[in-house]
Amino acid sequence: MTKAVALVGFSKRSNQMVYSLPEDVAIWAMNHGHLHGYPRIDRLYDMHPFELIQDPHFYTRDYQQGHLDYLRSEHPYPVYMLEQYPEIPAAVRYPKDAALELAGDYLHFTSSFCYMAASAILEGFDKWYVLGFDMDYGTEYEIQREEALKWIAYAKGRGIDVFIPPESGLHTRRLLYGYEGIPMIGRQLIEVHQKQYQREEQKALDEMHKWMGILDERKNNAASRRKIEEASQQVLMYDRQAARNEGAAKALEYLIETSDLKEVYPILDSPALIPAERANDES
């Protein structure tokens, strides 16, 4: 008998199937997924440190409000977290040791999806619906994409039937080397990536300035040493991110200045080479 689970993320482009799943499919949501009107939730994952969850500057968007109060109330399903926090009645400590043993040397945990996937394997689910995880190229979630696909491939290698909606960004593929061309990089594609790094630099600067304000506020209000150190680390992290993206953008600027490939080569103009999100930047 098939044992099925839906791993549900937030992309409305590819998670709509969650509203019509059969009753025998377990629904695992994450973070503030309980605020999205799913027909039911059988398990919730929030793999953030509880100190961060409690911070009023973390879950700040309108559609995330009420999450902490929700966690602190009773629920008929477990909430998998880093630890079994006494403040969270439904909290269950994530089985980290078993997951790490399963992952071995070649699988890693770069997102909530990876933890959910490991749980699904450990608990013997042989049918997965991967809904709402796009991790598109050119977005902040691109860094999570490789490991998510590795966990999916690993699951398939174990004979697990994995369904991903055709709308999902996880289906986006790169150029088929040799058969569809040779992925050379010309001036136009370099410019697309340069714009992306510039945007990421600005995002990091905005976050750094936000945390600088939080740091000042905590110092002025005589917050605990831990809270001040946390804010300081956030400032440092986003400062480094901004510096890395600035350096990458400047390096690409040099390549653009020295590039002798001024015209678009047909292979380089292939949609398979330029993700939709970045291709749109050319307009």
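At-a-glance table
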item	result
Restricting segment 139-151 to residues that are crowded, with 19+ Cβ neighbours inside 10 Å and among the charged types (D, E, K, R), the residue that is modelled with the highest pLDDT	E147
From E191, E146, residue being assigned by TED's automatic domain parsing to the domain that holds P49 and farther than 24 Å from L21 by Cα	E146
K127 among the basic types (K, R), surrounded by fewer than 21 Cβ atoms within 10 Å (Cβ to Cβ) and within 16 Å of the chain's Cα centre (by Cα)	no
Some residue of segment 69-81 being surrounded by 13 or more Cβ atoms within 10 Å (Cβ to Cβ), part of a helix (DSSP H, G or I) and free of Cβ contacts under 8 Å to residues at least 60 places away in the same chain	yes
Some residue of segment 59-68 being farther than 19 Å from A120 by Cα and in contact with a Phe, Trp or Tyr (Cβ under 6 Å, 6 or more places away or on another chain)	yes
Top-ranked residue in segment 1-33 [being touching a His at 6+ places or on another chain (Cβ under 8 Å) and without any contact (Cβ under 8 Å) to a residue 60 or more places away in the chain; ranked as surrounded by the most Cβ atoms within 10 Å (Cβ to Cβ)]	A29
Unmet requirement for D136, which otherwise passes all of (1) assigned to a loop (DSSP other than H, G, I, E, B); (2) in contact (Cβ under 8 Å) with a residue 60 or more places away in the chain; (3) surrounded by fewer than 18 Cβ atoms within 10 Å (Cβ to Cβ)	(3)
Verdict on F109 being at pLDDT 95 or above, touching a helix residue (DSSP H, G or I) at 6+ places or on another chain (Cβ under 9 Å) and closer than 30 Å to S232 by Cβ	yes
Any hit, segment 185-203, residues being crowded, with 18+ Cβ neighbours inside 10 Å, among the polar types (S, T, N, Q), under 19 Å from the mean Cα position of the chain (by Cα) and part of a helix (DSSP H, G or I)	yes
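The values are calculated or read from the model by the stated rules, or taken from the named source; none is laboratory data. This is a predicted model, so every value here is computed, not measured. Methodologically, a virtual Cβ is constructed for each residue, glycine included, from the backbone with ideal geometry; neighbour enumeration extends over all protein chains shown.
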